[in-house]
Amino acid sequence: MILGKVIGNVVSTMKLSIYEGYKILIVQPINNREEPQGKTFLALDTVQAGVGDIVLIIDEGNSSRLIMNNKTAPVRTMIVGIVDSIN
Amino acid sequence: MYLGRVIGNVVCTQKVESFNNIKLLLVQPLDEKLKKIGDPVVACDTVQAGINDIVFYEGGREAALGLKNWFNPSDLTIMGIVDQVNIGE
């Protein structure tokens, strides 16, 4: 899992049905000192994260398919937690 | 998942059988400020995206799973058309 910071969101109505019901957030990956590290990407939100939140991200297909309980879901990146503090 | 803009399409009659009646679009990857990053790539279309549409796409195995018959060699598939990109607020 990786750490990231939510910097925005994406609104999309015309999309594969599997994506319905999930917010799509724009995430900037960060290191443990909360400094940006790497390219931004989009992730499906499962914990109602908002802009500015530090979040925990799953970046692996099988784990995402487990979360979505669908063996053929074309999903790889999902937000699975909101981080309170990094020590 | 990454953002991109459809800048063209690719017509291909001689291709792998599992790609039959799958539209191939030329996509320019974009960052969150919709600025170009990297070179254009070819992606399979599942949502009837048109030229100049902002889309989001997925790579790897998930790209193949995005198509109806998921046993296909796609490594980049468009999963949705973006209506709005909001940064900050």
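With viscosity 1.306 mPa s and temperature 10 °C, the Kirkwood radius over alpha carbon pairs of chain A converts through Stokes-Einstein to a diffusion coefficient of 121 µm²/s.
Computed from the C-beta positions of A:Val47 and A:Ser85 and an R0 of 22 Å, the FRET efficiency is 0.85 to the nearest 0.05.
Counting Cα-Cα pairs of chain B in 10 Å increments starting at 0 gives whole-percent bin shares of 18, 51, 26, 5, 1.
Taking beta carbons within 10 Å but only from partner chains, what does the mean come to for residues B:74-80? Intermediate values should be presented prior to the final figure.
Working: counts 0, 0, 0, 2, 2, 9, 10.
For peptide B:74-80, the averaged partner shielding equals 3.
Of the residues B:Ile54, B:Ile37, B:Ile78, the one that moves most in a GNM of chain B with alpha-carbon contacts below 10 Å is B:Ile37.
If you average 1/r over every pair of different alpha-carbon atoms in the protein assembly as shown and take one over that average, what Kirkwood value in Å do you get? Walk me through the numbers before you get to the answer.
Working: mean 1/r = 0.0607 Å⁻¹.
About 16.5 Å, per the Kirkwood formula over Cα pairs.
For chain A, a Gaussian network of Cα nodes joined below 10 Å ranks A:Ile58, A:Ile24, A:Ile67 by mean-square fluctuation, and the top entry is A:Ile67.
Shielding of peptide B:51-57 by partners, expressed as the average count of other chain Cβ atoms within 10 Å per residue Cβ, is 2. The mean number of Cβ atoms from other chains found within 10 Å of a Cβ in peptide A:14-27 is 4, as a whole number. Look at where the Cα atoms of region A:19-87 and of region B:35-89 average out, and the two centres are 18 Å apart.
Across region B:23-31, computed HN-Hα scalar couplings (Karplus, 6.51 cos²θ - 1.76 cosθ + 1.60, θ = phi - 60°) run 6, 10, 10, 8, 10, 9, x, 10, 8 Hz from first to last residue, x flagging Gly and Pro.
Along region B:67-74 the Karplus relation, 6.51 cos²θ - 1.76 cosθ + 1.60 evaluated at θ = phi - 60°, assigns HN-Hα couplings of 8, 4, 8, 6, 8, 8, x, 5 Hz to successive residues, with x for each Gly and Pro. Scanning residues 5 or more positions from A:Ile7 or on other chains, those with amide H under 5 Å from its amide H are A:Ile26, A:Val27, A:Gln28, A:Gly52, with H placed 1.01 Å from N in the peptide plane.
With a cut-off of 12 Å on the backbone N, the residues of region B:35-51 near the modelled label site 7 Å out from B:Val10 along Cα-Cβ are B:40-45.
Calculate the dipole size of chain A relative to its Cα centre from +1 charges on Lys and Arg beta carbons and -1 charges on Asp and Glu beta carbons; express the result in debye to the nearest 20.
Numbers: 8 positive and 8 negative charges, 60 e Å.
Rounded to the nearest 20 debye, it is 300 debye.
Would you mind checking the pairs A:Lys39/B:Lys33; A:Lys15/B:Lys33; A:Lys15/A:Lys39; A:Lys5/A:Lys39 and listing those with alpha carbons more than 18 angstrom apart? Going by Cα-Cα distance, A:Lys15/B:Lys33; A:Lys15/A:Lys39 fall outside the 18 Å limit. If both residues of a DSSP beta bridge must be in the protein assembly as shown, then about 90% of such bridges are antiparallel.
Read the figures in this text as sums done on the coordinates, not as results from a lab. Everything numeric here is computed off the predicted structure, so don't read it as measured data. Glycine also receives a Cβ, built like all others from the backbone with ideal geometry; neighbour counts cover every protein chain displayed.
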